[in-house]
Every structure is written in C-alpha cells, then in structure tokens.
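*Asks:* The structure that follows is given in the form of structure tokens.
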Amino acid sequence: MQDNEMICWCSKVTAGAIRQAKQDGAITMEDIRRMTGACTLGRCKELSPRGR
C-alpha cells in the first residue's frame, strides 16, 4: 500500500499518515484515531469510491 492511498475518506487520512502516527508512538487504534482523525466521522463507506 502506497503512502498516498486514502484509508479514511471522511477525514481524508492516508496510509502514510497512519504510518507516521505509528512512528510517532501510536500503539492502539484509539491512538491512531486521536493522532490522525481517522475513523471518527463514520461516513467512509458513503464517501469512498470503492464503497467500503
């Protein structure tokens, strides 16, 4: 997966941002949510062009 691949469409969080959060100390999914804003709005399925 490339760094620019969108993971969270509703908050516009990329794979690279998640990797950076892990490098910055994120351990749990809650850490990643807090540090990136991913998985907080609940509209990714609706906004993703892949529908997932």
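*Asks:* Please find, in a Gaussian network model of the chain (springs between Cα atoms separated by less than 10 Å), the residue of 28, 14, 36 whose mean-square fluctuation is greatest.
*Replies:* Among 28, 14, 36, the largest mean-square fluctuation in the Gaussian network model of the chain belongs to 28.
*Asks:* Go through the range 13-18 residue by residue and turn each phi into a ³J(HN,Hα) via Karplus (6.51, -1.76, 1.60, θ = phi - 60°); whole Hz please, and just put x for glycine and proline.
*Replies:* 9, 9, 4, x, 5, 5
*Asks:* Name the long-range amide H neighbours of residue 7: under 5 Å, sequence gap of 5 or more, or other chain; modelled H, no Pro or chain starts.
*Replies:* The list, which skips near neighbours in sequence, is 13, 14, 15.
*Asks:* I want the local charge near residue 39. Using Cβ-Cβ distances under 13 Å, sum +1 for each Lys or Arg and -1 for each Asp or Glu among the other residues. Mind showing how you got there, number by number?
*Replies:* On the way: positive: 12, 33, 34, 43, 45; negative: 30, 31.
Cβ neighbours under 13 Å give a net charge of +3.
*Asks:* Can you give the local net charge around residue 11? Use residues other than it whose beta-carbon is closer than 11 angstrom to its beta-carbon, Lys and Arg +1, Asp and Glu -1.
*Replies:* Values: positive: 12, 33, 43; negative: none.
In short, +3.
*Asks:* With each run of n ≥ 4 DSSP H residues scored as -39500 (n - 2.57), what mean residue ellipticity at 222 nm is computed for the chain after dividing by its residue count and rounding to the nearest 500 deg cm²/dmol?
*Replies:* -10000 deg cm²/dmol
*Asks:* Of the listed values (i) 12.9, 38; (ii) 12.5, 34; (iii) 10.7, 31, identify the label whose number matches Rg and Dmax of the Cα atoms in Å calculated from this model.
*Replies:* Here the calculated entry is (iii).
*Asks:* Continuing with the same structure: Run the simple label-point estimate for residue 24 and residue 12 please: 7 Å along Cα→C-beta, distance reported in nm.
*Replies:* About 1.6 nm, to one decimal.
Since every read-out is calculated from the coordinates, none of them should be taken as a lab result. Keep in mind that this is a model prediction, so the values were computed, not measured. As a convention, Cβ positions derive from the backbone with ideal geometry for all residues, glycine included, and neighbour counts pool all protein chains shown.
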